[in-house]
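What follows is a set of notes on a single structure, which appears directly below.
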Amino acid sequence: MDAFRIEGGAKLTGEVRISGSKNAVLPILCATILAPGTYRLENVPVLSDVATLTTLLRTLGVRVVREGSALLVDSRESVPNEAPYELVRTMRASVYVLGPILARFGHARVSLPGGCAWGPRPIDFHLKAMEALGAVIRLDHGVIDAIGAPLRGAEIRFPFSSVGATGNAVMAAVLAEGTTTIFNVAREPEITSLCEFLCAMGARIEGVGTEKLVIEGARELHPADARVIPDRIETGTYLVAGALTGGDLLLRDTEPAHNEAVLAALREAGVEIDVNKTDIRVRSRGPLRPLEVETAPYPGFPTDMQAQLMALLLLAEGTSEIIETIFPDRFKHVPELCRLGGSIRVEGNRAIVRGVGALTGAHVMASDLRASAALILAGLVARGTTEVSRIYHIDRGYERIDEKLSGAGARIWRVRR
Ligand code: UD1
């Protein structure tokens, strides 16, 4: 398993181009099942999660070919084969195929995703939404077996805003008979971009970007092209990299409006931020101030930036508090950050982070995607050498992170094992 070796202490300067969003392209790829035809998706990052979904789509008869940063998708011969455990297990977002297969073919079989690196992460909201639309769901030896033809419009109320369940429900409802109203929908930019893509395919969705969606089901949709939005979590991660190393970094081709909560937190911590259309410049010269931050559904502070912010706050002058409200036990990075000299106490869903002045290099192990990012960030400022193992987690969601960081002056190498 490959590892990253990092020599800490370099200030990051120069430019980093932000890639297309992983969490936006995954549901868009699944949505191509809804209408047989050919699609061109631009600005698609090269990531192992995209490769995993591409493999899954191939098992469903969808052909996907890369052409530079674009993916050409041909769903003319898609079939409702079972989404197998080997693939769904490695990437929970595979469950996004449930809604589209069910809506298009009236029958879907998708393996249950199973455990994950932090917490139980259930999919009950997805299943209840499909049942509300008239599907009959049965669990068959670890496989979700959903039958429902045709789906019928319904009222769906999510008890908690869920990105995945919203995406699945919308993809099913666009081909259901009649009107579907979904309350308490996730307002994450990735969901807005999915809805915009579905509208380009001929779907009728009102309230895009708000907490209530009203969907008039269509008899059929048609293919459309799309450009994937910039990755706001990659953006946030490089913002922290610039701030943490006391650097001066320009992030290009991003969408600052999607990062308001992160920008606000960094400004409060004393980081200088300048926004210009699709660029963000981050500079940090003085001491960092401690923060009290609570993760929340968009537009709140993203849980996917919690670990990276924690790495930053280890260098703030004083004690910070982070409350994790989305995944209350998403703290796998804490013991590893402590191995680098961090001082963090976890009490339930609260982490108390004491500024320690300096970190020291060590061997650490990545446990999930964003935890890996936090360890790399900490390694960038730790004295001496840090080795981060199990970096297949990072390859799931950060395109060429080692090249992008070294292009900005970081000393980071991929060690092939
Ligand atoms: C998506 C993102 C992930 C991010 C998360 C929260 C993708 C591919 N992944 O994950 O990076 O961390 O949003 O912003 O876009 N819940 C249930 N039952 C369900 C579904 C969710 O109880 O059926 C709960 C979850 O346990 C969690 C909360 O709802 O507490 C939000 O999770 P959700 O938004 O669904 O996360 P994902 O879509 O899995």
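The values are calculated or read from the model by the stated rules, or taken from the named source; none is laboratory data. Bear in mind the structure is a predicted one, so any value in this text is a computation, not a measurement. All Cβ positions, even for glycine, are placed from backbone atoms using ideal geometry, and neighbour counts span all protein chains on display. Remember, those area values only see protein heavy atoms, side chains included, never the ligands or the DNA or RNA. Shrake-Rupley method; radii C 1.70, N 1.55, O 1.52, S 1.80 Å.
Residue 177 fulfils the conditions (1) in contact (Cβ under 8 Å) with a residue 60 or more places away in the chain; (2) among the charged types (D, E, K, R); (3) out of contact with any helix residue (DSSP H, G or I) (no Cβ under 6 Å at 6 or more places or on another chain) except for a single criterion, (1). Here the condition is being more than 14 Å from the ligand (Cβ to nearest atom), closer than 30 Å to residue 385 by Cβ, of a type in the set (A, V, I, L, M, F, W, C) and open to solvent by 20 Å² or more (accessible area, probe 1.4 Å); of 352, 322, it holds for 352 alone.
Within the span defined as region 356-371, every residue fails to be modelled with pLDDT under 95 and farther than 24 Å from residue 238 by Cβ. Considering 231, 253, the condition of being touching a residue at least 24 places away in the same chain (Cβ under 8 Å) and buried (at least 23 other Cβ atoms within 10 Å of the Cβ) is satisfied by 231 alone.
It is to be established whether one or more residues within region 116-137 are surrounded by 19 or more Cβ atoms within 10 Å (Cβ to Cβ), part of a loop (DSSP other than H, G, I, E, B), modelled with pLDDT of 95 or more and within 18 Å of the chain's Cα centre (by Cα). The answer is no; no qualifying residue exists. In region 143-158, the qualifying residues are those that are at pLDDT 95 or above and assigned to a loop (DSSP other than H, G, I, E, B), and the one that is surrounded by the most Cβ atoms within 10 Å (Cβ to Cβ) is 151.
Would you say residue 155 is of a type in the set (Asp, Glu) and away from the ligand (no atom under 15 Å from the Cβ)? It is true that residue 155 is of a type in the set (Asp, Glu) and away from the ligand (no atom under 15 Å from the Cβ). For region 325-349, taking the residues that are in a strand (DSSP E or B) and in contact with a strand residue (DSSP E or B) (Cβ under 9 Å, 6 or more places away or on another chain), the one that is most open to solvent (accessible area, probe 1.4 Å) is identified as 345. One residue stands out in region 166-202 among those that are open to solvent by 10 Å² or more (accessible area, probe 1.4 Å) and of a type in the set (Gly, Ala, Ser): the one that is nearest to the ligand (Cβ to nearest atom), namely 193.
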